[in-house]
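Reviewing the structure listed below.
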Amino acid sequence: MKTSRTWFAILAVCAAVTISLPTMVYADGDHGGDDSDVPRYFGVKFTRGGLGKLNAAGHAPIGVMGDHMHGEGELMLSYRYMFMDMGRNQIGREEVSPDFIAANVANPNAPPATFRVVPTDMNMEMHMFGAMYAPTNWLTLMAMGMYVRKEMDHITFQGGAGTNRLGTFTTVTKGFANTKIGGLIKLYNDGTHKIHFNAVVGLPTADIENEARVLAPHNTAPTLRVPYAMQSGSGSFDLHPGLTYNGKYEDWTWGAQWTSEIRTEDNDEGYNFGDIHRVTAWGQYSWFPWMSSSLRLAFETEGRIDGEDDQIRAPIQTADPDNYGGERVFIHGGLNFMGQSGAIRGQRLALEIGAPMYENLNGPQMTREVIITLGWQYAF
Ligand SMILES: [Cu+2]
């Protein structure tokens, strides 16, 4: 990564802290009346969500980001673990076998004329560390750092043509993804219906020069820069605008959210991932104050990669910028647990599992087979 980018990222984080400091001091001087005995440090209230019942369905399912705002002076820390498994290759909606890809699908970096290495399975683990703080009721600041581990299994076909298998190999990469910072801005709140704007940016902190040892078709084992899918993030400066709606009535809560990832530039290696647009809607029911369940539908459309990294040239589908993006519809089921008293008061534990209903992919490309998100949140 260019040093200018690193400095830009550091500057942006400092700027966000600086902007929020005066309001934190203001909040400290503003409290009064019934919560004056609540300890405050730098404007942060240590109330553990007050004295009333905390509702497990008070936040959206854990797979939704930037879904809720906080009241003035509240701070929330969170950790999410996300696991995604990918497999089966598709072109459009049609499943294709590794042999079909090796024998028929053209390699844009020919020779060889077709792809000679085919990915068969991939899994991704992501660790997300987040913080939210509300200097005032109409603004919640948020920051999230992410660390990613990816593992991909491949079949190598022998030589330049045919379907004789030479062997298999697995590559593993680890690194930081982009860092998200920004704010959620209240637009409307009448107690039943709430709407806020998501103003978040993605800073180019991702590792995009990951390498791994591969098995090449002529039985050599070079170390190469891995294809785009195995890099740790976009590496570009991205905008993440969005709009979020939340509603509640008795034991029910529901909501909907639009978010996008818009690339504003090429990354340092000369390409950018396609823009992503997501729309999701959910419903939740609180069985008890401490437990709720959720059902969520999610639609996503993503463009192809624009430009290319000239160090990514292997005869594998993931090295072709055109084999990225597509449309996906997922259904997710979730559970939320909310601690009501003692040491666990204010602590939230949530799980969401998603499976595909529809995938139309620019391919050949592997399908997403399952997404699991496990999260812990603590507001005080
Ligand atoms: Cu929060």
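The values are calculated or read from the model by the stated rules, or taken from the named source; none is laboratory data. Everything numeric here is computed off the predicted structure, so don't read it as measured data. For neighbour counting, all protein chains shown are included, and Cβ atoms are generated from backbone atoms with ideal geometry for every residue, glycine included.
Odds and ends about this structure:
- Filter result (free of Cβ contacts under 8 Å to residues at least 24 places away in the same chain and of a type in the set (S, T, N, Q)) within the stretch 158-178: N164, T170
- Criterion applied to A143, A161 was being modelled with pLDDT under 95, more than 14 Å from A229 (Cβ to Cβ), surrounded by fewer than 21 Cβ atoms within 10 Å (Cβ to Cβ) and among the small types (G, A, S), and the one residue passing it is A161.
- Failed item, numbered, when L215 is tested on (1) closer than 30 Å to G160 by Cα; (2) assigned to a strand (DSSP E or B): (2)
- When the residues of the stretch 67-94 are filtered to those that are part of a loop (DSSP other than H, G, I, E, B) and more than 9 Å from the ligand (Cβ to nearest atom), the one that is nearest to G325 (Cα to Cα) is R93.
- Residue count, the stretch 234-264 (criterion: surrounded by fewer than 22 Cβ atoms within 10 Å (Cβ to Cβ), of a type outside the set (S, T, Y) and not in a strand (DSSP E or B)): 3
- All of N336, N323, N267 fail the test of being without any contact (Cβ under 8 Å) to a residue 60 or more places away in the chain and buried (at least 22 other Cβ atoms within 10 Å of the Cβ), apart from N323.
- Against the test of being under 21 Å from the mean Cα position of the chain (by Cα), among the charged types (D, E, K, R) and closer than 23 Å to E269 by Cβ, the options E151, E211 yield a single qualifying residue, E151.
- Pick from the stretch 334-380, criterion over 22 Å from G58 (Cα atoms) and among the charged types (D, E, K, R), ranking: nearest to the ligand (Cβ to nearest atom): R368
- Scanning the stretch 53-66 for residues that are away from the ligand (no atom under 11 Å from the Cβ) and modelled with pLDDT of 95 or more yields a count of 4.
- Only one of A134, A103 that is away from the ligand (no atom under 16 Å from the Cβ) and either outside any loop (DSSP other than H, G, I, E, B) or surrounded by fewer than 20 Cβ atoms within 10 Å (Cβ to Cβ) (or both): A103
- Lone qualifier among P98, P119 - being away from the ligand (no atom under 15 Å from the Cβ), within 26 Å of the chain's Cα centre (by Cα) and closer than 27 Å to Q311 by Cα: P119
- Residues (crowded, with 17+ Cβ neighbours inside 10 Å and either away from the ligand (no atom under 16 Å from the Cβ) or over 22 Å from M69 (Cβ atoms) (or both)) located in the stretch 164-189: L166, F169, T171, T173, G175, A177, N178, T179
- Which listed residue, of G183, G145, G175, is within 24 Å of E261 (Cα to Cα) and in contact with an Asp or Glu (Cβ under 6 Å, 6 or more places away or on another chain): G175
- Any chance V148 is more than 30 Å from I185 (Cβ to Cβ), away from the ligand (no atom under 15 Å from the Cβ) and not hydroxyl-bearing (S, T, Y): no
- Contacts under 6 angstrom Cβ, first residue in the stretch 194-210 being part of a strand (DSSP E or B), partner among the charged types (D, E, K, R), 6 or more apart: H196/K186; V200/K180; G202/K180; G202/D238
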